Amino acid sequence: MKRNFNPVVLLVIACLSIACLTVVASVVTLTPAPTATRLSILPSQPGVVVPSPTSIIVPSPTLVQIAPLCTVDPLAGACPTPTVRTQSKFCVKKLPYTLLEIPPGATFESMDTGMTCKDEGLHGGVHQVSCTGQQLYSFELKVCDTACSAAQLKTGTGQCPDGYGYSAGAGCCWPTSALEAGCVIYKVDIGACQ
């Protein structure tokens, strides 16, 4: 008895056989991992170092370790915020002024264009600043201690998530602030003149 095979069945069997052989062949022919670079000095050129022709140069990967989040402020106490105090409110030629006391050596900057401030110097060991602006209005004044030497948080190191900086001293990440260490924003209330 003669058997007749359907050509479609033969084609399917042939394709499956080829696929199995290809998988087996690819599993068997694994390539070896690259080895470290071996250096040799050519005798014809003393002092010249070249890679060995049988070696492959593989750069070592640079890993950035993610730092943990700080549980306490790593800058606390390292750079105290300056103390600002209102000394008095008065009028000069119907313009309202507020006289402030800031630490000696501190710097100041008006955060609002509607308020101008002037350094009045040291009086009795107190650094005085006078500010004027629209009557019965509050403005912001940034006061910074120039003697501040706190370690700053480093950003962009890849060790902390966005919005955090790395404290090398504490070895952890802490939220960054728009206000630098050693500075404070003080609300200056301008009085009224009659």
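No value in this document is a laboratory result; all are computed from the given coordinates. Just so we're clear, the structure is a prediction, and the values are computed from it rather than from any experiment. Cβ: placed from backbone, ideal geometry, glycine included. Neighbour counts: every protein chain shown.
For the reader, a short list of remarks on this structure follows.
- 3J(HN,Hα) along region 125-131, derived from phi through the Karplus expression 6.51 cos²θ - 1.76 cosθ + 1.60 where θ = phi - 60°, amounts to x, 10, 7, 10, 9, 9, 10 Hz, with x in place of Gly and Pro.
- Estimated FRET transfer efficiency when R0 is 45 angstrom, pair VAL126-LEU69 (beta carbons, to 0.05): 0.65
- Fewest-first sequence of TYR186, TYR137, TYR164 by Cβ atoms within 10 Å of each Cβ: TYR137, TYR164, TYR186
- Approximating the spin labels as points 7 Å out from Cα along Cα→Cβ, the THR107-to-THR155 distance works out to 1.8 nm.
- Couplings 3J(HN,Hα) for region 134-142, derived from phi with the Karplus relation 6.51 cos²θ - 1.76 cosθ + 1.60 (θ = phi - 60°), are 4, 4, 6, 10, 9, 10, 10, 10, 8 Hz, where x marks Gly and Pro.
- Percent breakdown of C-alpha pair distances by 5 Å bin, ordered from the shortest bin, for region 85-189: 2, 11, 19, 17, 14, 11, 9, 9, 5, 2, 1, 0
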